[in-house]
Ligand SMILES: [Zn+2]
Ligand SMILES: [Zn+2]
């Protein structure tokens with residue numbers, strides 16, 4: 001890895017399903033030769049939404065403090081930034097807006113994790129895929145992604161083709177291309193998320209053909225490991241860069257919600 005690299009999708013134990021102190025993630029980034037990282041833990045949502053998988057509203061200040069402490073500790077050695085992985089779920093936009101205006105975030109990812117009440121990326125509910133028509137599922141999913149892009153709340157779309165996580169790949173692709181048109185038009189970036197390489201689908205988000213389609217629309221990529229443990233920081237970034245550069249794509253980072261690079 002030659003150019004200065006950032007890992008801009010990282011979690012902390014505050015979300016309830018990650019391990020390792022924030023400073024251990026920063027140390028792992030240093031050890032991996034990265035120039036910086038941006039913590040993007042699962043943001044608080046209204047109490048009725050996905051509560052076990054995210055920090056509570058009254059933990060938000062602690063999250064910011066913890067990231068600030070790591071920033072101070074690694075100052076001059078590693079560029080540590082403060083972000084969030086937000087959820088796009090119709091009806092919660094105003095709540096999300098409130099959280100986003102509460103602190104000066106560097107970078108906000110907008111992710112779709114639910115189709116209605118179904119947390120489709122939760123291994124516990126994977127059987128539901130058998131009850132669904134995949135084409136319809138992807139149509140519904142990408143309609144939500146377009147809603148996320150149009151909301152104006154986010155800098156990037158998280159793990160674009162997430163419903164493929166357990167191997168249920170999109171064989172049609174039209175809805176995805178339409179979503180990419182909207183993402184390009186609204187000026188968002190894509191989270192290039194290497195966690196997919198650690199899942200049954202064994203493919204990063206987005207897939208190579210969607211990486212090409214995004215690059216051809218001028219959509220930039222933000223590298224992220226989606227680490228939930230320190231040893232996942234910077235996971236397969238060489239492969240990620242190859243997939244992006246092979247199709248003429250480029251990577252960027254965000255600071256103060258402004259795009260760099
Ligand atoms: Zn998570
Ligand atoms: Zn996510």
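Provide the gained length on full extension for the span residue 239 to residue 69, in nm with one decimal, where the gain is 0.36 nm per separating residue minus the Cα-Cα distance.
58.1 nm
Just 198, 81, 132 to compare: in a GNM of the chain, with alpha carbon springs under 10 Å, which one fluctuates most?
Per the Cα network of the chain with a 10 Å cutoff, 132 tops the list.
Give me the number: length gained by fully extending residue 47 to residue 231, i.e. 0.36 nm times residue separation minus the C-alpha to C-alpha distance, one decimal in nm.
63.2 nm
What is the log10 of I(q)/I(0) for the stretch 1-46, computed with the Debye formula using one identical point scatterer on each Cα and no solvent, at q = 0.22 Å⁻¹?
Each listed q maps to, in turn, -0.75.
Where does the chain land at 222 nm, in deg cm²/dmol rounded to the nearest 500, when only DSSP H runs of n ≥ 4 count, each adding -39500 (n - 2.57), divided by all residues?
Counting only the DSSP helices, I get -9500 deg cm²/dmol.
Which log10 I(q)/I(0) values does the chain give at q = 0.09 Å⁻¹ under the Debye formula, counting every alpha carbon as one identical point scatterer?
Treating every Cα as an identical point scatterer, log10 I(q)/I(0) equals -0.35.
Under the definition of Cα pairs under 8 Å and six or more residues apart, what whole-number percent is the relative contact order of the stretch 1-59?
Reported relative contact order: 40 percent.
Quick one: compute the contact order of the chain, relative version, from alpha carbon pairs under 8 angstrom and 6+ residues apart, as a percent.
After rounding, I find 20 percent.
Looking at the stretch 6-260, what % of its DSSP beta bridges pair antiparallel, to the nearest 5?
For the stretch 6-260, the DSSP antiparallel bridge percentage is about 20.
Going highest first, how would you order 21-28, 64-71 by mean Cβ packing within 10 Å?
For the peptides 21-28, 64-71, the packing ranking is 21-28, 64-71.
Report the label-to-label distance for residue 136 and residue 255 in nanometres (one decimal), using points 7 Å from each Cα along the Cα→Cβ vector.
4.9
In Å, what Kirkwood hydrodynamic radius results for the stretch 117-218 from the alpha-carbon pair distances?
Result for the stretch 117-218 stands at 13.8 Å.
Can you give the direction-averaged projected area of the convex hull of the alpha-carbon atoms in the stretch 4-134, in nm²?
Reported value for the Cα convex hull: 9.1 nm².
I need the calculated FRET efficiency for the pair residue 143 and residue 77, taking r as the beta carbon distance and R₀ as 41 Å, to the nearest 0.05.
Using R0 = 41 Å, I get an efficiency of 0.40.
We did not get these values from a lab; they are worked out from the coordinates using the rules stated. Keep in mind it's a predicted model, so treat the numbers as computed, not measured. With ideal geometry, Cβ positions are generated from the backbone for all residues, glycine too; neighbour counts draw on all protein chains shown.
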